[in-house]
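Working notes for the structure below.
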Amino acid sequence: MIAEPGKPLSEEDVARLISIEMTAANEYMGGPDNIVAERDRNYDYFRGIMNDLPASAGRSRVVEMVVANYIGLLQPNLMRIFTSGRNIAEYVSPKPDLQPVVRLITRFINDIVFRKDNRGELMLGDWALDGLIQKLGVVMWWWEEKFESKDVILENIPDGPALALTVQEIQAKGEEIVEATQAQTIVPGPQGPMVGVVHTLKVRTKVNVSKCCIDTVPPEEFVVSRDARNLENAILKAHRSGVMVGDLIAAGYDPAIVNSLPSWAGNYDVQGQNAYNWNENVSRDQSADPMLRKVCVVRGILKMDFDGTGIKEWYFVSGGYDNAPKILEIAPYNEQIGFADFCPEPLPHQVYGRCPADRLSMIQKIQTVLVRQMNDNLFLANTPQREVVMDWIVKPDQLMNMAPGAPILVKQPNAIREIAIPFVADKALIAMQYYDGQAELTTGASRNSAGLDPEVLQNQSATAAMNQQSAALGRVEMIARIWAQGGMRKLFRGVFRCIKAYQDFERVVQIDGAPTPITPELFAMMDDLDVNINTGLGTGNRERDFMVLTGIEASQKETLTQLGPNNPIVDFKKLVKTLQLKAESAGISYPENFFADPGDWQPEPPGEPKPTPDAMVFAEVEKYKADKKVETDSIKIASDERITIAKMQNDKEIALYKADLDDALQQQKLGIDRANTMIAAAKVDVDAQKIDGKKDG
């Protein structure tokens, strides 16, 4: 019966809708496209099981492990691209003031939620294998509400007000007193020691250990609407699995409905089933504990007009699947569960695409046939069949003895003749080399690019080897980008939304070695953060990544030198990020131990440029020279002054000496003049006396 438009849907309507969607999806999976059959074949080939290629008795049964070998080369490259660094995903917000909180959320989800609360890298390995081998890898996340009980003993509580206050505090915390005892003891009293009563309480506390769970979904347990073009717009996307009755009842579902659900037997109503699920087909119907019985449960997201408003909305649905599902829960969708998909070779407008194992399986089948034929030819060439005339053989049992040199007794010559088999096994090697090349083109992984075949590379030029490696890694890079922008981004955005919706308690965790409280307020202030997946370490070649990052580091340092630390192109945070990535490319798991994140640190405002050491030495030398010049000038001035003063004094002394000398000379001249005068006077007297003498004579 079709529900009447404009009216709310009943539980029976929802159950019928789920049944129709799941039946159509299962028919498509097992229909002409043979998705299930190809998936099972790929996984069997990966495990070395080739039931579709039986070997005749007495012939080689060897299996050429092409799928396992090339997936084994491809998976590590993909894993290293995503898991080399500390943060697989980095959350981003357009609000600058929220950057510290965004960084804290990034570290919390990457380090605690992804790696410690869940299997982290191991889960990614399973996800990669599912995608590479079985067309579509699916990861599911959900919120698990869980509390752990812890008993605490409170002893020696005095009777009276102290006991009442203690009980009141216990009840206010929501804790439970599970056991109470009392005993008599000697207590001090007003009149001295007296007999009193003390109590011992056993208090049971509940510790909230709820968390966001992440795990891979086996491909055969995932259901998506048949007409879905992508996972986001599928009408139904659900996980169908076996769940124990006790777990469902503990989760709060009606025991009567749970006990009426059909047992889980791993039947998917599709053709084929992965061989590794043999251990899942355990329903425990005969178990002595009915709580251990597994029942088939579907949990997923359904888009429908449940309330009859004419607008389709997303709803979380849970129910037991039989031909007519029984509804366990219907609720508006609020991140109760989510799915992320990874298809390495997507096809347009389809959820299910292709995977490398699809083509590798065909190559493995051809190469297995070639290897078996080569072995058979080698065996027959080395131990050929013989044509025997039995009547001429003395002891026929000797024909079974193939030991070298063992005799065979015959009655006639030429009783035994070997049937020569031409050796053509070497021709098979040429064909196998061709198909090895096809396998390398399919996956992008090769022994040469992995550095496993130096004999092939030794005769190549460096340019040819680099071109071959780049071409091989191109497909790996393409697969990595599809995974990053598709499934990885969905996963980390969904995990953030799930934690924001349900973590309503404070959680103290160790982040980078320090206790850090993670409170609901951190997520409440955030909108739906976008996320970037870190694939910056290249395509899996450490030497190439290190070389590229070294070049980037040199360019950043040159820019900082030329334009200064406050330029709009490169800051110190970007330089530190490059140094951290460089350390990660070298295999260092904790690069922040060597290069710390500068956070919001900014260099000092631009002022007078600080002199370099050479400039400082030059300045000191110039200062020393200037000081010496001043000192020399001072000494010269003082010397000149002293010389001038001395010269002035000397001139004065010379003048005085000259004056004294002139005076002395003048005096001497005066004395000479006086002497001359006296001599003249004396001569006059002598002459006068002579005259007088003559007169007298």
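With the requirement that a residue be within 13 Å of residue 488 (Cβ to Cβ) and either open to solvent by 30 Å² or more (accessible area, probe 1.4 Å) or of a type in the set (Gly, Ala, Ser) (or both), what does the range 88-102 give you?
Within the range 88-102, 89, 90 qualify.
Which one is modelled with the highest pLDDT among residues in the range 408-427 that are loosely packed, with under 10 Cβ neighbours inside 10 Å and closer than 14 Å to residue 379 by Cα?
422
Please go through the range 34-48 and pick out each residue that is surrounded by fewer than 18 Cβ atoms within 10 Å (Cβ to Cβ) and either in contact with a strand residue (DSSP E or B) (Cβ under 8 Å, 6 or more places away or on another chain) or more than 11 Å from residue 68 (Cβ to Cβ) (or both). Lay out the reasoning, then the answer.
Within the range 34-48, the subset surrounded by fewer than 18 Cβ atoms within 10 Å (Cβ to Cβ) is 34, 37, 47-48.
If the condition is that a residue be surrounded by fewer than 18 Cβ atoms within 10 Å (Cβ to Cβ) and either in contact with a strand residue (DSSP E or B) (Cβ under 8 Å, 6 or more places away or on another chain) or more than 11 Å from residue 68 (Cβ to Cβ) (or both), then 34, 37 are the ones that fit.
Which residues, taken from the range 320-355, are open to solvent by 10 Å² or more (accessible area, probe 1.4 Å) and assigned to a strand (DSSP E or B)?
326, 327, 328, 329, 330, 331, 332, 339, 341, 345, 354
Of the numbered conditions (1) of a type in the set (A, V, I, L, M); (2) over 30 Å from residue 54 (Cβ atoms); (3) open to solvent by less than 60 Å² (accessible area, probe 1.4 Å), residue 394 satisfies every one except a single condition; which is it?
Result: residue 394 passes all but (3).
Only one of 115, 107, 80, 59 is part of a loop (DSSP other than H, G, I, E, B) and either of a type in the set (A, V, I, L, M) or open to solvent by 10 Å² or more (accessible area, probe 1.4 Å) (or both). Can you tell me which?
59
For the range 155-176, which positions are more than 16 Å from residue 197 (Cβ to Cβ) and either assigned to a strand (DSSP E or B) or at pLDDT below 85 (or both)?
Answer for the range 155-176, where residues must be more than 16 Å from residue 197 (Cβ to Cβ) and either assigned to a strand (DSSP E or B) or at pLDDT below 85 (or both): 173, 174, 176.
Would you confirm, using the coordinates I've provided, whether residue 492 is within 18 Å of the chain's Cα centre (by Cα), in contact (Cβ under 8 Å) with a residue 24 or more places away in the chain, surrounded by 12 or more Cβ atoms within 10 Å (Cβ to Cβ) and under 27 Å from residue 81 (Cβ atoms)?
Spelling it out, residue 492 is indeed within 18 Å of the chain's Cα centre (by Cα), in contact (Cβ under 8 Å) with a residue 24 or more places away in the chain, surrounded by 12 or more Cβ atoms within 10 Å (Cβ to Cβ) and under 27 Å from residue 81 (Cβ atoms).
Over 29 Å from residue 494 (Cα atoms) and open to solvent by 30 Å² or more (accessible area, probe 1.4 Å), is that true of residue 7?
yes
Test residue 594 against the criterion of being within 51 Å of the chain's Cα centre (by Cα), modelled with pLDDT of 70 or more and not charged (D, E, K, R), and give yes or no.
yes
The values are calculated or read from the model by the stated rules, or taken from the named source; none is laboratory data. Keep in mind that what you see is a predicted model, and the values were worked out from it rather than measured. FYI the Cβ positions are ideal-geometry reconstructions off the backbone, even for glycines, and counts take in every protein chain you see. Ligands, DNA and RNA are stripped out before the accessible areas are found, and what is left, the full protein with its side chains, is counted by its heavy atoms. Shrake-Rupley method; radii C 1.70, N 1.55, O 1.52, S 1.80 Å.
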